[in-house]
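Inspection log for the structure reproduced underneath, given as structure tokens.
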There are 2 protein chains.
Amino acid sequence: MKIKPEYCNVHDALSILVGKWKPIILLYLMSEGTMRYGELKKALVGITPKMLTNQLRELEEEGLINRKLYPEVPPKVEYSITEYGMTLKPILDSMHEWSMQHKKRKLENTID
Amino acid sequence: MKIKPEYCNVHDALSILVGKWKPIILLYLMSEGTMRYGELKKALVGITPKMLTNQLRELEEEGLINRKLYPEVPPKVEYSITEYGMTLKPILDSMHEWSMQHKKRKLENTID
DNA sequence: AGATATAGTATCCAAAAAGATACTATTGGA
DNA sequence: TCCAATAGTATCTTTTTGGATACTATATCT
């Protein structure tokens, strides 16, 4: 059997999740609920405005988060997880769980 | 609450899985069992030897796959998934499942 | 009139990931 | 003696991703 990355579903799922700040943003919105742009910017230590906007836009494009613009001045924009975005929660949770075990395992194997 | 990517377990789990060919290699070894370097190279259409070696080494370093070298000439090397690597299967399976739903959903929303 | 607050853009630069391509060691067999 | 087979290395280039930093629009408040 011959295969290419483009035909791999896991590869595609990963490409949606990957991005330096995407998992964090998703987890954050999943647990904290609605947040404004500025709040996210404060919470995500070290993120640049360009990156924040970029990651939010990409998540929005996949339908995972919602962007609500209030027509005020100064502007107010609220981000929240969509119902659809919540379908990722079990996967993120199991990755979180696996990662913790993995780190534990690494420590155990570092007897040197 | 303030957060950084380095403190996010999901981020870390992803970084182990990410790499253009890693998910494919894992899935392949999970389903096909043991494979030689040359067999993998033939199966993974378009991969360069450098990339193949690189991805295999990184997976091996995490303990997910096994490298068995037979001291023959010409050399013979067999790769297989480890028992530990198999603990990732449920996660990969759910990502596969999610990705399929996601594509279906995208098609439905493309009525334009 | 000028400062303030918010949610971004725009531009340029650095680092990381991936691709192309050629090369190597070894030894059993023709 | 020279070639084939296998599992890689080595080197250079391109592409992708992320970082630094400065700038903008605009109604309101003083």
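Label-point distances for A:Lys4 to the equivalent site in the other copies, using a point 7 angstrom along Cα→C-beta, read 4.0 nm when ranked shortest first.
Fewest neighbouring Cβ atoms within 10 Å first, the residues A:Thr48, A:Thr110 line up as A:Thr110, A:Thr48. Counting neighbouring Cβ atoms within 10 Å and putting the fewest first, the residues A:Met100, A:Met1 line up as A:Met1, A:Met100. Residue-level result for chain B: its Cβ closest to the axis carrying B onto A, with that distance in Å, is B:Val18, 3.
Modelled spin labels at A:Thr48 and B:Met86, positioned 7 Å past Cα toward Cβ, are 4.6 nm from each other. As a length-normalised measure over Cα pairs under 8 Å and 6 or more apart, the relative contact order of the stretch A:62-111 settles at 28 percent.
Expressed as a whole number of Å, what is the distance separating the alpha-carbon centroids of the stretch A:39-82 and the stretch B:62-112? Each part reduced to its Cα centre gives a spacing of 32 Å.
Ascending distances from the B:Lys68 label point to its copies in the other chains, with the point 7 Å along the Cα-to-beta-carbon line: 5.8 nm. Inter-copy label distances at B:Glu83, using a point 7 Å along Cα-to-Cβ, come to 4.4 nm with the shortest given first.
Every read-out reported here was derived from the displayed coordinates using simple, explicitly stated rules and does not represent laboratory data. Just so it is clear, the model here is predicted, and its values are computed rather than measured. Ideal geometry is used to build each Cβ from the backbone, glycine not excepted, and the neighbour counts take in all protein chains shown.
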